[in-house]
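A quick write-up on the structure given underneath.
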Amino acid sequence: MNIAEERIDRLHDLAREAASDRDHERAREYVRLARRVAERNRCGLPKAFRRFTCDDCDAYLRPGVNARVRTRAGGRVVVRCDCGATKRYPY
Ligand SMILES: [Zn+2]
(Lines give C-alpha, C1' and ligand atoms only; values in the text may rest on other atoms or scores of the structure.)
Protein backbone atom coordinates (compact mmCIF):
# COMPACT_ATOMS: atom_id res chain seq x y z
CA MET A 1 0.00 0.00 0.00
CA ASN A 2 1.46 3.36 -1.00
CA ILE A 3 1.07 6.67 0.82
CA ALA A 4 -1.90 7.81 -1.28
CA GLU A 5 -3.75 4.56 -0.62
CA GLU A 6 -3.04 4.86 3.08
CA ARG A 7 -4.40 8.40 3.10
CA ILE A 8 -7.54 7.28 1.29
CA ASP A 9 -7.96 4.47 3.79
CA ARG A 10 -7.66 6.89 6.67
CA LEU A 11 -10.11 9.36 5.08
CA HIS A 12 -12.52 6.48 4.52
CA ASP A 13 -12.41 5.68 8.26
CA LEU A 14 -12.92 9.33 9.17
CA ALA A 15 -15.86 9.63 6.78
CA ARG A 16 -17.46 6.52 8.25
CA GLU A 17 -17.03 7.84 11.80
CA ALA A 18 -18.46 11.24 10.85
CA ALA A 19 -21.45 9.57 9.18
CA SER A 20 -22.03 7.48 12.31
CA ASP A 21 -22.12 10.70 14.31
CA ARG A 22 -24.62 11.98 11.73
CA ASP A 23 -22.21 14.73 10.85
CA HIS A 24 -22.84 14.34 7.13
CA GLU A 25 -21.19 17.57 6.04
CA ARG A 26 -17.94 16.53 7.65
CA ALA A 27 -18.27 13.07 6.11
CA ARG A 28 -18.70 14.70 2.68
CA GLU A 29 -15.51 16.69 3.14
CA TYR A 30 -13.56 13.50 3.82
CA VAL A 31 -15.17 11.77 0.84
CA ARG A 32 -14.26 14.65 -1.49
CA LEU A 33 -10.75 14.81 -0.11
CA ALA A 34 -10.26 11.08 -0.68
CA ARG A 35 -11.52 11.43 -4.26
CA ARG A 36 -9.04 14.23 -4.87
CA VAL A 37 -6.16 12.18 -3.48
CA ALA A 38 -7.14 9.27 -5.75
CA GLU A 39 -7.36 11.54 -8.79
CA ARG A 40 -4.06 13.23 -8.15
CA ASN A 41 -2.28 9.91 -7.66
CA ARG A 42 -4.26 7.98 -10.25
CA CYS A 43 -4.63 5.12 -7.84
CA GLY A 44 -8.40 4.69 -7.95
CA LEU A 45 -10.66 4.19 -4.97
CA PRO A 46 -11.16 0.95 -3.08
CA LYS A 47 -14.34 -0.99 -3.79
CA ALA A 48 -15.72 -0.46 -0.28
CA PHE A 49 -15.23 3.28 -0.61
CA ARG A 50 -17.07 3.41 -3.93
CA ARG A 51 -19.94 1.35 -2.54
CA PHE A 52 -20.49 3.49 0.49
CA THR A 53 -20.26 6.90 -1.08
CA CYS A 54 -22.95 8.69 -3.08
CA ASP A 55 -21.77 9.78 -6.53
CA ASP A 56 -24.39 12.52 -6.64
CA CYS A 57 -23.99 14.29 -3.31
CA ASP A 58 -20.71 12.82 -1.95
CA ALA A 59 -22.42 11.55 1.20
CA TYR A 60 -20.88 8.65 3.06
CA LEU A 61 -23.70 6.11 3.14
CA ARG A 62 -24.65 4.42 6.38
CA PRO A 63 -27.53 2.01 5.99
CA GLY A 64 -30.29 2.94 8.42
CA VAL A 65 -28.84 6.43 8.90
CA ASN A 66 -28.79 8.16 5.52
CA ALA A 67 -29.20 5.24 3.13
CA ARG A 68 -31.54 2.35 2.53
CA VAL A 69 -30.27 -0.98 1.33
CA ARG A 70 -32.41 -3.54 -0.42
CA THR A 71 -31.44 -6.91 -1.79
CA ARG A 72 -32.89 -7.86 -5.09
CA ALA A 73 -33.47 -11.24 -6.64
CA GLY A 74 -30.55 -12.25 -8.79
CA GLY A 75 -27.94 -11.31 -6.22
CA ARG A 76 -27.99 -7.54 -6.54
CA VAL A 77 -27.92 -4.90 -3.87
CA VAL A 78 -29.60 -1.53 -4.30
CA VAL A 79 -28.45 1.33 -2.10
CA ARG A 80 -30.54 4.46 -2.03
CA CYS A 81 -29.09 7.67 -0.63
CA ASP A 82 -31.30 10.21 1.16
CA CYS A 83 -30.73 12.55 -1.81
CA GLY A 84 -32.59 10.07 -4.02
CA ALA A 85 -29.63 8.66 -5.94
CA THR A 86 -29.35 4.89 -6.13
CA LYS A 87 -26.51 2.58 -6.89
CA ARG A 88 -26.55 -1.09 -7.66
CA TYR A 89 -23.92 -3.73 -7.36
CA PRO A 90 -23.70 -7.49 -7.22
CA TYR A 91 -22.90 -9.15 -3.92
ZN1 LIG B 1 -26.69 11.27 -2.29
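The values are calculated or read from the model by the stated rules, or taken from the named source; none is laboratory data. As the structure is a prediction and not an experimental result, all values here were calculated from the model. Counting neighbours? That spans all protein chains shown, and the Cβs are built from the backbone with ideal geometry, glycine included. What goes into the accessible areas is simple: the full protein's heavy atoms, side chains included, and nothing from ligands, DNA or RNA. Shrake-Rupley method; radii C 1.70, N 1.55, O 1.52, S 1.80 Å.
Can you give the calculated 222 nm mean residue ellipticity of the chain, where each DSSP H run of n ≥ 4 adds -39,500 (n - 2.57) and the sum is split over every residue, rounded to the nearest 500 deg cm²/dmol? Intermediate values should be presented prior to the final figure.
Values: 3 runs with 41 residues, N = 91.
That comes out to -14500 deg cm²/dmol.
Ranked by the mean number of other Cβ atoms within 10 Å of their residues, highest first, the peptides 24-35, 1-12, 68-79 fall in the order 24-35, 1-12, 68-79. Taking only the alpha carbons of the chain, we obtain Rg and Dmax values of 13.1, 40 Å in that order.
Distances between placed amide hydrogens fall under 5 Å for THR53 paired with LEU61, all partners being 5 or more residues away or on another chain. Of the solvent-accessible surface of the chain, computed with a 1.4 Å probe over protein heavy atoms with every protein chain present, carbon and sulfur atoms account for 44 percent.
Between the Cα long axis of helix 24-41 and the first principal axis of the chain there is an angle of about 60°, rounded to the nearest 10.
So what's the stretch 27-80 giving for Rg/Rh, alpha carbon basis, Kirkwood Rh from the mean inverse pair distance?
1.04
Extension gain, SER20-ASP55: 0.36 nm per intervening residue step, less the Cα-Cα distance, totals 10.7 nm.
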